[in-house]
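For reference, the structure is listed below as structure tokens.
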Amino acid sequence: PWLAALFGGTQPALMGGPGGPVRVAEEATAAAVPGEYGDCGPDALPETGLQGQVPRSDQESGRSKLGYRCNLRLVGQNDVDNRGANFQLGWYRDCAYVGIVGNQFSQGPASPAEHPLEGVAVIDVSDPRNPQLVRLLKSPVGRTHHEALEVNERRGMLVFQIGGLSAQWLEIWDASGDCRNPVFRGRYDGGSARYHGQKVSDDGMTVYASDTFGRGDVPVLDVIDVSDMTQPKRIVQWDPEEESPPVRHAIHDLELSADGTRAYLGAVTPVSN
């Protein structure tokens, strides 16, 4: 399904999906169309099953390829030079940042010759009807970012993982000056390919990076201090086996309370060694 993030009011929304273009939409304001999920507005394509579900019938008929939308109207899109594999999306001011999906075998550098379109795409959406690809943020250590890409609005800080499904590195870019031209600030090396999910604290000072596979005896959650973007450093590691009684699980995704005092962790069964 498409991922949608509303800026609020009648401002544009950014939508992206695995392999698809970055789309800019706005809230529908014309006569609404009643449906199972309420009034969906003109040109709606509401979900036909449970919310978040892609029914088999939609897959077999091809309906799922059209996507689903409610109270949104497409106004513009950019296909990132038709590179495919667009996956995670973050946004700041008038810019969208789009990562690329890949596995742990995609950890070589994003060289211009061999991989000209890989890297985090920077899309200028100041004209929502004509979003433009501005540049690609390339790394010397890897090419893909999978699910871990996020912007902290308070600091204008873009954080993404490098290494795909299991990443070894976090990169920190500063977009606070010009969102179209983020500046590389720092890189954190986790020591091995293990990171999958991440969350930046609301104050932008801390990154929580999780291991969703839980191989070996390495803790499944790293807490990294990014108060100095140029010198990220790990503060502490945590593992549920440290608790009483100990529990064996890995962490796929997580969320933080606004005051930063509580983390909510999505536990998964770890991969067998």
May I ask for the net charge around V247, where only other residues with Cβ less than 10 Å from the Cβ of V247 are counted and Lys, Arg are +1 while Asp, Glu are -1?
-3
Return the FRET efficiency for the residue pair S192, R262: r is the Cβ-Cβ distance, R0 is 35 Å, and the value is rounded to the nearest 0.05.
0.80
Quickly work out the V141-to-L45 label distance, labels modelled 7 Å from Cα along the C-beta direction, and quote it in nm with one decimal.
3.9
In Å², what does the accessible area per residue of the range 226-273 work out to with a 1.4 Å probe?
69
Could you sort the peptides 145-152, 239-246 by per-residue average Cβ neighbour count (10 Å cutoff), highest mean leading?
145-152, 239-246
Just grab the label-to-label distance for R234 and A85, each label 7 Å out from Cα along the Cβ direction, in nm (one decimal).
2.8
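The values are calculated or read from the model by the stated rules, or taken from the named source; none is laboratory data. Note that this is a predicted model, so its numbers are computed, not measured. Cβ coordinates were reconstructed from backbone atoms using ideal geometry, including for glycine residues, and neighbour counts include every protein chain displayed. Each accessible area value is taken on the protein alone, full model and side chains, heavy atoms only, with ligands, DNA and RNA left out. Shrake-Rupley method; radii C 1.70, N 1.55, O 1.52, S 1.80 Å.
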